[in-house]
Amino acid sequence: MNSDALLLLETVHFSAEKHRDQRRKDADQTPYINHPIGVARILSHEGGVTDIEVLQAALLHDTVEDTDTTHAELEHKFGSTVAHIVQEVTDDKALPKQERKRLQVEHAAHCSHQAKLVKLADKLYNLRDLNRCTPVGWTAERVQEYFDWSSEVVNGLRGTSSVLEEKLDELFTHRRFVS
Ligand code: NDP
Ligand code: ZN
């Protein structure tokens, strides 16, 4: 087996262990790990991304935000580039939610190219998930607000991947058309 395959296996294993007890917000309580794996697959399968560090960062992108994982841990295990990309896509949970959401819009354009790729795929996955089924307790208005906010973030990420941006635009257009 080549070293990239081994590295990806090591990374997905680490992420699965960290997210072991977490579930998505859908009624089926899908295991959370489906999300980071899906984000990495969007990048490789749909976005044509072969940069191993981007794919690793995608697999790890929610570990610092949502588990006990630290930046230092990622740096030690996967190197400074991967740890840095994850840091760029990690919200500061000490801040109020609306402030975090505002900062995502503000910071999007200033991220590295690698972090922008992960952000685009993350948004694409989450919006598709919302179209697939509404999270427990969410109103139609809340779903719409999430689409509107995502569209603002994506505007700051443009010029990164025409394929992924077109797929996001299709979702935004369809949403406007049906709502
Ligand atoms: P949240 O941040 O609470 O939830 C969205 C996040 O949950 C996603 O970014 C994703 O993050 C994760 N997630 C887990 N499971 C799913 C799933 N099945 N489908 C999609 N995402 C999932 O949402 P917001 O606070 O952003 O709420 C959306 C909008 O609604 C906001 O604009 C907010 O202002 C508004 N709002 C409205 C309320 C209301 O009652 N009307 C209450 C609160 C907010 P990850 O990639 O990290 O997994
Ligand atoms: Zn995510």
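The values are calculated or read from the model by the stated rules, or taken from the named source; none is laboratory data. In this text the structure is predicted, and so the values were computed from the model without any measurement. Every residue, glycine among them, receives a Cβ derived from its backbone with ideal geometry; neighbour counts consider all protein chains shown.
Can you work out which of the residues in the range 83-102 that are within 16 Å of ligand 2 (Cβ to nearest atom) and under 13 Å from Trp149 (Cα atoms) is surrounded by the most Cβ atoms within 10 Å (Cβ to Cβ)?
Looking at residues that are within 16 Å of ligand 2 (Cβ to nearest atom) and under 13 Å from Trp149 (Cα atoms), I get Lys101.
Of all residues being part of a loop (DSSP other than H, G, I, E, B) and of a type in the set (D, E, K, R) in the range 49-64, which is surrounded by the most Cβ atoms within 10 Å (Cβ to Cβ)? Just the residue, please.
Restricting to residues being part of a loop (DSSP other than H, G, I, E, B) and of a type in the set (D, E, K, R), the top hit is Asp62.
Within the set of pairs 6 or more residues apart or between chains, which connect a residue that is within 17 Å of Val64 (Cβ to Cβ) inside the range 12-26 to a residue that is assigned to a helix (DSSP H, G or I) and among the hydrophobic types (A, V, I, L, M, F, W, C) with Cβ atoms less than 6 Å apart?
Pairs that qualify, where the first residue is within 17 Å of Val64 (Cβ to Cβ) and the partner is assigned to a helix (DSSP H, G or I) and among the hydrophobic types (A, V, I, L, M, F, W, C), are Val12/Leu59; Ser15/Leu59; Ser15/Leu60.
Within the set of pairs 6 or more residues apart or between chains, which connect a residue that is modelled with pLDDT of 95 or more inside the range 60-77 to a residue that is away from ligand 1 (no atom under 16 Å from the Cβ) with Cβ atoms less than 6 Å apart?
Within 6 Å, the pairs are His71/Ala83; Leu74/Ala83; Glu75/Ala83.
So Ala121 clears everything in (1) more than 12 Å from ligand 2 (Cβ to nearest atom); (2) surrounded by 13 or more Cβ atoms within 10 Å (Cβ to Cβ); (3) not polar (S, T, N, Q) except one condition, right? Which one?
(1)
Are there any pairs with C-beta distances below 7 angstrom linking a residue in the range 135-162 that is within 7 Å of ligand 1 (Cβ to nearest atom) to a residue that is of a type in the set (Asp, Glu), with the two at least 6 apart or on different chains, and if so which?
Listed pairs, sorted by first residue: Pro135/Asp26.
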